[in-house]
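Everything on this sheet refers to the single structure shown next.
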Amino acid sequence: MKTPADFPVLHTDRFTLRKLEERDAEAVFSYFSKDEVTRYYDLESFTDLDQALEIISRWAERFGKNEGYRWGIAETATDKIIGSCGYHNWDKEHYKAEIGFELHPDYWRKGVMSEVLKPVIAFGYNEMNVNRIEAFYDPYNFASKSCLEKAGFMFEGVLRQAAYEKGVFCDAAVCSMLRDEYMKKQSLL
């Protein structure tokens, strides 16, 4: 079982990607309580701070069992959490993991996810040893689609009524990036 001390910290020019802690619950609640954040998410908008504590605990448990990583995105200057990014559905047998992220609306369209995805993707290939990183998103979530494509993900298609969320069947768009595509992109930099 991994310990919190084992949690990797990643850095970008503006952000520190770190383990989320109970002290971050108010910040997590501040964005997960917004309908515009949860609109395309597989959970309802938070109405209670305990929901933020619960999701932080769930992500920590997943890490402890070596089932995934979820980094809090903290502004380096203030250590304020503005979102999260990480891996779930880590299938070690098939060398793949699903990436997901969310961000407080105050930080949308400011290049945050483009900056943050770089070290998170590198971690997936270099530390988790995955061959495929995939992402599923609502086909109408054009911002996520654009962000993923900018990071190098390739659109694969739409899985019709692949999920049941918030009382309705919904489609899921899927995109992915393969290790050799990532390596080729890195060699061009």
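Bear in mind these aren't lab numbers, they're just calculated from the coordinates by the rules spelled out. Keep in mind it's a predicted model, so treat the numbers as computed, not measured. Every residue, glycine among them, receives a Cβ derived from its backbone with ideal geometry; neighbour counts consider all protein chains shown.
Quick notes on this one:
- When segment 4-133 is reduced to its Cα atoms, the Kirkwood hydrodynamic radius in Å: 14.9 Å
- Only Lys, Arg (+1) and Asp, Glu (-1) charged, at Cβ; segment 4-133 dipole about Cα centre in debye: 520 debye
- Measuring against 18 Å, Cα to Cα, the residue pairs Lys19/Lys166; Lys65/Lys92; Lys34/Lys65; Lys34/Lys150 contain Lys19/Lys166; Lys34/Lys65; Lys34/Lys150 as the ones spanning a longer distance.
- Secondary structure note: in the chain, about 90% of the DSSP beta bridges are antiparallel.
- Scoring 133-145, 47-59 by mean Cβ neighbours within 10 Å over their residues and listing the highest first yields 133-145, 47-59.
- Efficiency of FRET between Met183 and Leu49 - r from beta-carbon atoms, R0 25 angstrom, step 0.05: 0.05
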